[in-house]
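K.L.:
Below is a structure I'd like to ask you about.
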Amino acid sequence: MNCKMTKTGLTDLMIPISSFQVFRRRDGTLGLQVTTRRFDLSGAIADRARGYVVVTATIDGATEEIGTAKVTRIRLDEGPMNKSITIQATAE
């Protein structure tokens, strides 16, 4: 699984993710959520807060897009031993 954040005027940012999910909200909109433990990328992720998240997977040797969505929220979670960043996005 690969994830990148894009924003006009900035280079794409590749993000190693520990989990992702695609979901449908009650109002019918599709959402995408990815989580990374790479807390050192928090500044670069914040720079792309008004951009897009693109998740791809390599299936049988071919890279296929799982989803693209506009970033709506970035959440930083910090516990006593671990830190993570969760990026939520909505498909347009």
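The values are calculated or read from the model by the stated rules, or taken from the named source; none is laboratory data. On a predicted model such as this, the values are computed, not experimentally measured, just so you know. Cβ atoms come from the backbone with ideal geometry, glycine included; neighbour counts cover every protein chain shown.
K.L.:
Any idea how many residues of the stretch 4-24 are in contact (Cβ under 8 Å) with a residue 40 or more places away in the chain and more than 14 Å from the chain's Cα centre (by Cα)?
P.N.:
2
K.L.:
Moving on. Give me the residue from the stretch 40-78 that is assigned to a strand (DSSP E or B) and of a type in the set (S, T, Y) and, out of that set, surrounded by the most Cβ atoms within 10 Å (Cβ to Cβ).
P.N.:
Top of the filtered list is Y52.
K.L.:
Further, regarding this structure: Filter the stretch 79-92 down to the residues that are surrounded by 11 or more Cβ atoms within 10 Å (Cβ to Cβ) and closer than 17 Å to T6 by Cα and list them by number.
P.N.:
Answer for the stretch 79-92, where residues must be surrounded by 11 or more Cβ atoms within 10 Å (Cβ to Cβ) and closer than 17 Å to T6 by Cα: I85, T86, I87, Q88, A89, T90, A91.
K.L.:
Could I ask something else about it? Modelled with pLDDT of 95 or more and out of contact with any Asp or Glu (no Cβ under 8 Å at 6 or more places or on another chain): is that true of A62 in this structure?
P.N.:
no
K.L.:
Count, please, the residues in the stretch 1-19 that happen to be assigned to a strand (DSSP E or B) and either out of contact with any Gly (no Cβ under 6 Å at 6 or more places or on another chain) or among the hydroxyl-bearing types (S, T, Y) (or both).
P.N.:
Residues meeting the conditions: 7.
K.L.:
Would you check which residues across the stretch 20-39 are out of contact with any Lys or Arg (no Cβ under 7 Å at 6 or more places or on another chain), more than 20 Å from K7 (Cβ to Cβ) and part of a strand (DSSP E or B) and list them?
P.N.:
Scanning the stretch 20-39 gives Q21, V22, F23, R24.
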